[in-house]
Amino acid sequence: MNFEESIKKLRAEKNAVILAHYYQTGDIQDIADFVGDSLALSQQAASTNADIILFAGVKFMAETAKILSPEKKVLLPDLEAGCSLADSCKAEDFEKFLAENPGRTVVTYVNTTAEIKALSDIICTSSNAIQIIESLPADEKIIFAPDRNLGNYVLNKTGRDIVVWDGACHVHEEFSLEAILKLREENLGAKVIVHPECELPIRMIADFIGSTSALLQYSKTDSSNKYIVATEVGIIHQMQKANPAKVFIPVTPKDSTCGCSECNFMKLTTLEKIYNCLNTESPEITLDNDIIEKAQKPIIRMLEISKKYDF
Ligand code: SF4
């Protein structure tokens with residue numbers, strides 16, 4: 001079966017929209033209506049008149065799409081597509097943490113379950129985390145969750161009073177400083193571009209630190225012709241498409257079995273699973289109305305702050 005053609009036919013018949021995160025494989029990115037970071041994708045899907053959203057990504061992303069489009073049917077091709085970062089922050093543990101640190105504004109990265117979003121005051125992304133924190137009064141006490149590396153990056157940049165939850169993404173924590181330094185020696189003049197979910201020693205030697213979208217944008221505007229890319233390897237598909245003459249080198253993590261920096265959860269999605277999911281309209285992501293209402297509020301607050309300060 002030609003899955004690309006069959007998916008396109010089903011998508012039209014069912015008035016569906018297909019979202020692909022930057023960390024999906026190239027073939028999936030190429031059949032998607034929108035390719036991007038998780039929150040931007042959910043916002044784009046919400047602005048369409050599609051009846052169905054199929055999210056080629058991981059579960060928290062499909063939940064975010066459902067929170068922003070409760071009236072639409074949201075599908076995830078493989079329910080096993082979780083996230084080590086979202087899993088590192090369970091609702092019952094987080095509730096205890098909040099009780100132990102009262103009186104703090106809870107700023108939560110979008111890579112969390114719907115339950116954690118429902119416990120938060122403001123959601124942020126890796127693109128706007130610093131601006132969101134800086135938009136708060138200087139003496140405001142803050143909790144940042146769930147990524148300790150992004151949290152410490154934001155803490156160092158803003159100097160604010162922040163208690164950071166101790167979670168991490170297994171992909172971004174697996175990069176070794178030695179491997180990057182070796183790659184830099186072997187590729188003189190290459191720029192090291194790094195996601196803020198990476199550990200401090202990696203961030204310290206970076207030429208540029210930014211969200212996945214920011215790294216892609218940097219690759220388009222920077223004048224170098226070679227980059228060592230310390231984030232999930234899937235983004236290189238868009239970098240290469242946008243810059244055919246440039247060279248992008250993925251960093252191999254310490255314990256890589258695939259020889260590259262793949263997120264095993266992201267790579268559970270295949271064209272065949274997308275076809276089956278669209279055909280049967282399952283698995284579907286469902287959330288309680290109560291959770292949807294509570295989780296919408298901190299996302300709306302983030303959007304209002306972004307609009308007010310124009311970022
Ligand atoms: S790359 Fe990390 S944060 Fe992103 S989905 Fe995979 S485990 Fe989660």
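The values are calculated or read from the model by the stated rules, or taken from the named source; none is laboratory data. Remember, it's a predicted structure, so these values are computed and weren't measured experimentally. Cβ placement follows ideal geometry from the backbone for every residue including glycine, while neighbour counts extend to all protein chains displayed. Side chains included, ligands, DNA and RNA excluded: accessible areas come from the protein's heavy atoms. Shrake-Rupley method; radii C 1.70, N 1.55, O 1.52, S 1.80 Å.
List of remarks:
- Evaluated at q = 0.11, 0.16, 0.17 Å⁻¹, the base-10 log of the normalised Debye intensity for region 62-192, with identical point scatterers placed on the Cα atoms, takes the values -0.48, -0.88, -0.95.
- Here, the chain yields an orientationally averaged convex hull projection of 16.3 nm² when only Cα atoms define the hull.
- With protein chains left intact and a 1.4 Å probe, residues in the chain average 43 Å² of accessible area per residue.
- Along the axis of the charge dipole computed for the chain (Cβ charges of +1 for Lys and Arg, -1 for Asp and Glu, origin at the Cα centre), the listed residues VAL17, VAL171, PHE97 are led at the positive end by VAL17.
- Protein-only accessible surface order, largest first, of PHE3, PHE144 at 1.4 Å: PHE3, PHE144
- Farthest towards the positive end of the charge dipole of the chain, among the residues MET266, ILE292, SER224, is the Cα of SER224, using unit charges on the Cβ of Lys, Arg, Asp and Glu.
- Net length gained if the chain between ASN264 and LYS9 were fully extended (0.36 nm per residue, minus Cα distance): 88.9 nm
- Computed about its Cα centre, the charge dipole of the chain is approximately 760 debye, with only Lys, Arg, Asp and Glu carrying charge at their Cβ.
- Mean separation of Cα contacts under 8 Å (6+ apart) over length of region 154-237, as relative contact order %: 31
- Protein-only accessible surface at a 1.4 angstrom probe places the residues ASP78, ASP207 in the order ASP207, ASP78, largest first.
- For region 37-135, the fraction of 1.4 Å probe accessible surface lying on carbon and sulfur atoms is 45 percent.
- Annotation: the antiparallel percentage among DSSP beta bridges lying fully within region 76-216 is about 0.
- Debye-sum result for region 84-133 in log10 I(q)/I(0), which assumes one identical scatterer on each alpha carbon, at q = 0.24 Å⁻¹: -0.94
- Mean Cβ count within 10 Å, highest first, over the residues of peptides 190-197, 126-133: 190-197, 126-133
- Percent carbon-and-sulfur accessible area, region 164-227, ignoring ligands, DNA and RNA, probe 1.4 Å: 53
- Heavy atoms of ASP310: accessible area, 1.4 Å probe, square angstrom to 10: 140
- Full extension of the chain between LYS182 and ILE300 gives 38.1 nm of extra length, using 0.36 nm per residue less the Cα-Cα distance.
- Net charge of neighbours whose Cβ lies under 13 Å from the Cβ of TYR227, counting Lys and Arg as +1 and Asp and Glu as -1: +3
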